[in-house]
Amino acid sequence: MVMEDFVEGLPEIKISTAFPASTKLVTLSKKGIMIPSALLSTGDCVPSHPFIFSFFSPAMSDFHIHPQSAVVEEGGVARFQCQIHGLPEPVITWQKNHLSINTDHDRYTLLPKGVLQITGLRAEDAGIFHCLATNTAGVKLSRGARLTVSGSHSAVYKDPMILVGPENLTLTVHQTAVLECIATGNPRPIVSWSRLDGRPIGVEGIQVLGTGNLMISDLTVQHSGIYVCAANKPGTRVRRTAQGRLVVQAPAEFVQHPQSISRPVGTTAIFTCLAQGEPPPQITWLKNGQILEATEHIKLKNNNSTLTISSINQADEAIYQCIAENSAGSTQASARLTVLWADGLPGPPQKVKAATVSATTIQVLWSEPLQNTKEIIGYVLHIRKAADPVEMEYQEAVSKNTFQQLVTDLEPSTSYSFYIKAYTSRGASKASDVVVVSTLGEVPAVPSLFIKVLNSTAVQAMWEPSIKLGQHQGFKLYYRKVHLPHFTGPLLLPSNVTSYNISQLDPSVVYEVKLLAYNQHGDGNATVRFVSLRETVERTGLSQPCNCMKDEQTNKTSATGIIIGIHIGVTCIIFCVLFLMFGYRGRLLMCKNVQEQLSTPQIPRSQRNAAALALNGSAQREREDPDANGKQLDMNELERLFPAPPSPPDPHCNSAPCSHADHMTWRCLWTTPALRLRNGDGTNPQSRSQLDLTSGETVTFT
C-alpha cells in the first residue's frame, strides 16, 4: 500500500510511504496524517505527543517574481525583488554584473523574501543585477535587471513620498517579521514607526534595517496589530503614512492532557482536554483512531474539551485521542479507559415498578437481583426527567435492605425515568430495566378573597388572579346563611372574572362566602369569608347615603373657605399690629402731658384748688369746643381710642396701682393708710382705698 501526497507550489513532488498490502490505515486528522491501525489495537504504541511522518524530495520551482529594471536619480533609493519556492527553502543572494554583492555595505540592505534595497544611490551603483537561489536541489539564476542612475537634482524641493509601504503579514510565533518602508523626498525624510492602537512597539527584539525597515524577531501573539510607517519632512509637520497588518498565529498546544483512568462497569468516565492557540483550536475526539460521535451515553461538552461516558460497559474500553488543530498547526494526546469487571458481581435488580403518588411524588419499587446478592452493600436509584439529556441525571442511595424509595420534590405533569443498580465493594451491577412514569397534574392554589358590603341586601366578592394558580379553568363561588347546612352554588365563573355581586340577602343574619379555583385535575382548596349586614343597616339609619357630587362640591367650597380664612387672618394680624403701635404712641403722649402737669411749680394751698379748677374747666372747654385749636392734639379722643393709666401725680402713689375697670373707666386701688383725695373742682375731700375714674375726670391725690 502506498500513501501519496503533493507539495503545494512544486511540480508533482510525490511523497510516498510503503506499507504491506494487508495493512489497514486510519486517518488521524484533517491534514491526512495516517498510521497503521495495528498500532492502535493495543494502544501501547500510541504516543502522547504529536507525531508526523515526513517524507520529501529536494526540489526547486522556477522564479515567480524576477527583478525589474529601474532608472533612479542619484541620491535616491533603488529596490529589486525576486521570489522562488523550493524544498528546502532556497537561500537568496544577489549579483551585480555577475559578481556577488557584499550586503554588509551600509547602503545595501537584503531583506527576507528576496528584496534588495540600495539607498543614497551613486553613479558607480549602476549595472545589471541578478537574483541567485540555492538549495540542495541546485542553483537557479533569475533574469537580469538594469539599474540606471540619472543626474542629481538635490536642489529641487520634493515632498516626502513612501515608495514601498509595509505589507499585511501572517506569521507564526517565534518567526521573524520584516515590515518594509522606503521613503524619498528632498530633503531626505525621517522614517518612524508606531502602532495604530497606540500601544508601544517596545525595544526587545526590535531592529531597524537600512533607512526605515522594521524587523521584529521571535514573534509572540502580542505583536499582532496594525503598524504605521510615517515619513516626516525634517523640522516640519509634513508627513506621509502607510500601514500594514501583522497577524501572529500560535499553533495549538495542550494546557491539560487527558489522563488514563479505570472505572467499574456502570459508572461514569470523564476525560478533559484543554488546548490553546491563535486562532483558538478546534478539538476532535477519536476512539481507537475513529472519529467519536456523540450518542445517548457519550456526550461532548465545553466546545468538545470534555468527554463524558456514562454507564460504561466493556465496549467502552479503548484508547481515546484528543486532537487540537488550528491554521498554525495541530497536536494530539491520548488516554486509555479501562473498564473493571469483577467475577461474582450481582445481576441487575428485578421487577422495577413506579407508581404516581401525587403531583410531586412517585414511589419506586424493586426486588433484589437473581444472583450474587450476598455482597450487596446498597442500591442507587437513577432519576432523570424523560425529556432531559443523560448528564442531567441524579441519584439517590438506598440501603441494601430497602426495596422501595419515595421520590419527592418532582414537577407536576412531568414524565420521569428510573433505573436501579446494585453496588458491592468491587463494583456495580448492570442497570435494571428503565421505567417511565408521569406525576399527577396539580390543582390550582388557594385564591385571595375579599368581601365588600354594597348595601343592606348585597355584597361584592372580589379576588385577585395570580400566576401561582397554575392552569385553572375557572372559579366556583358558594354562599349560605351560617345557620343553614347547605350552600347556594356552585356559581361557575370563567378564569378571567375577578368579582361577583351577591344580592337579595337577609340583612338580619351572617353569611358565609366560599371561593375555590378548579382545573382538569380537580378542585383546589377554598377560601372562606364571613360577612354581616346588620351593622350596615344600623349605620344607614344613622347617616344619610353619601352624595359624592355634593361632597366633591363641599370639598371644593371648603378649600375656598380655607384660602379666604387665611387672607382674613393675615389682615387681622396686620390691624392688630397697627393698633398696638398707635396705642403705644398715644400712651407716650398722655404720659408726657401728665409729666408737664406734675412739673407745675408748687403754689399755696389756697391757690392750688383754683388752679385745679382752672385745669378742669379748661379740659371741659376743650371737650365742648374740639376745634378751638387745630394744631393741638385732642387728648380726649386719644384717651377714648387708646385708654391708658395716668401717671401717679406723686411718688407716694406707687402703692396705688390703677387698671381698667371697663373701656371708659380706670380703677385705682391702694392699701392703708388711706390716701386723701380732692376732686378737680376742689370739693369733697375724702379718704378712700378705691376710686373709679371715667374719661376726662381729674383727681388730685393727697
- Query: Do you know which residues across segment 83-106 are without any contact (Cβ under 8 Å) to a residue 40 or more places away in the chain and within 60 Å of the chain's Cα centre (by Cα)?
  - Reply: 83, 106
- Item | strands (runs of 3 or more DSSP E) fully within segment 305-403 counting 1 or more residues that are in the same structural domain as residue 414 (by TED's automatic domain parsing) and more than 27 Å from residue 273 (Cα to Cα) | 350-356, 362-367, 378-385, 394-398
- Note on the structure: Condition set touching a Phe, Trp or Tyr at 6+ places or on another chain (Cβ under 8 Å) and of a type in the set (Phe, Trp, Tyr), scope segment 91-145, selection farthest from residue 61 (Cα to Cα): answer is 129
- Task: Test each condition in (1) part of a helix (DSSP H, G or I); (2) at pLDDT 85 or above for residue 563 and report the one that comes out false.
- Result: (2)
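If only one of 235, 244, 205 is over 30 Å from residue 112 (Cβ atoms), surrounded by fewer than 20 Cβ atoms within 10 Å (Cβ to Cβ) and of a type in the set (Gly, Ala, Ser), which one is it?
Answer to the check: 235.
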- Message: Regarding segment 333-354, can at least one residue be identified that is among the β-branched types (Val, Ile, Thr), surrounded by fewer than 17 Cβ atoms within 10 Å (Cβ to Cβ) and closer than 30 Å to residue 407 by Cβ?
- Response: no
- Could you list all residues from segment 382-417 that are at pLDDT below 90, within 17 Å of residue 434 (Cα to Cα) and acidic (Asp, Glu)? 388, 391, 393
- Query: Mind checking which pairs have a first residue in segment 111-123 that is on the phi > 0 side of the Ramachandran plot and assigned by TED's automatic domain parsing to the domain that holds residue 146 and a second that is in a loop (DSSP other than H, G, I, E, B) and among the small types (Gly, Ala, Ser), Cβ under 7 Å, 6 or more apart or different chains?
  - Reply: 120/75
- Which residues, taken from segment 202-221, are among the polar types (S, T, N, Q) and either in a loop (DSSP other than H, G, I, E, B) or without any contact (Cβ under 8 Å) to a residue 12 or more places away in the chain (or both)? 207, 211, 217, 220
- Note on the structure: For segment 382-395, the count of residues that are out of contact with any helix residue (DSSP H, G or I) (no Cβ under 9 Å at 6 or more places or on another chain), over 17 Å from residue 347 (Cα atoms) and surrounded by 15 or more Cβ atoms within 10 Å (Cβ to Cβ) equals 3
- Out of curiosity, is residue 424 within 21 Å of residue 313 (Cβ to Cβ) and at pLDDT below 90? yes
- Message: Can you pull out every residue in segment 281-296 that is part of a loop (DSSP other than H, G, I, E, B) and either loosely packed, with under 15 Cβ neighbours inside 10 Å or polar (S, T, N, Q) (or both)?
- Response: 288, 293, 294, 295, 296
- Task: Filter segment 262-276 down to residues that are out of contact with any Lys or Arg (no Cβ under 8 Å at 6 or more places or on another chain), of a type outside the set (Gly, Ala, Ser) and part of a strand (DSSP E or B) and give me whichever is modelled with the lowest pLDDT.
- Result: 263
- Query: Can you name the number of the only condition in (1) buried (at least 17 other Cβ atoms within 10 Å of the Cβ); (2) at pLDDT below 90 that residue 379 fails?
  - Reply: (2)
- Message: Can you report the number of residues in segment 250-277 which are under 24 Å from residue 174 (Cβ atoms) and aromatic (Phe, Trp, Tyr)?
- Response: 1
- Of the residues that sit in segment 183-201 and are within 49 Å of the chain's Cα centre (by Cα) and in a loop (DSSP other than H, G, I, E, B), which one is nearest to residue 118 (Cα to Cα)? 201
- Given (1) out of contact with any Leu (no Cβ under 9 Å at 6 or more places or on another chain); (2) within 20 Å of residue 334 (Cα to Cα); (3) at pLDDT 90 or above, number of the condition residue 217 does not satisfy: (2)
- Task: Could you tell me whether residue 107 is in contact with a Leu (Cβ under 9 Å, 6 or more places away or on another chain) and of a type in the set (D, E, K, R)?
- Result: yes
- Item | Residue satisfying condition, being over 30 Å from residue 390 (Cβ atoms), surrounded by 14 or more Cβ atoms within 10 Å (Cβ to Cβ) and without any contact (Cβ under 8 Å) to a residue 60 or more places away in the chain, within set 484, 516, 505 | 505
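The values are calculated or read from the model by the stated rules, or taken from the named source; none is laboratory data. Everything quoted here is computed from the prediction, not taken from an experiment. Glycine gets a Cβ as well: all are built from the backbone with ideal geometry, and neighbour counts include every protein chain shown.
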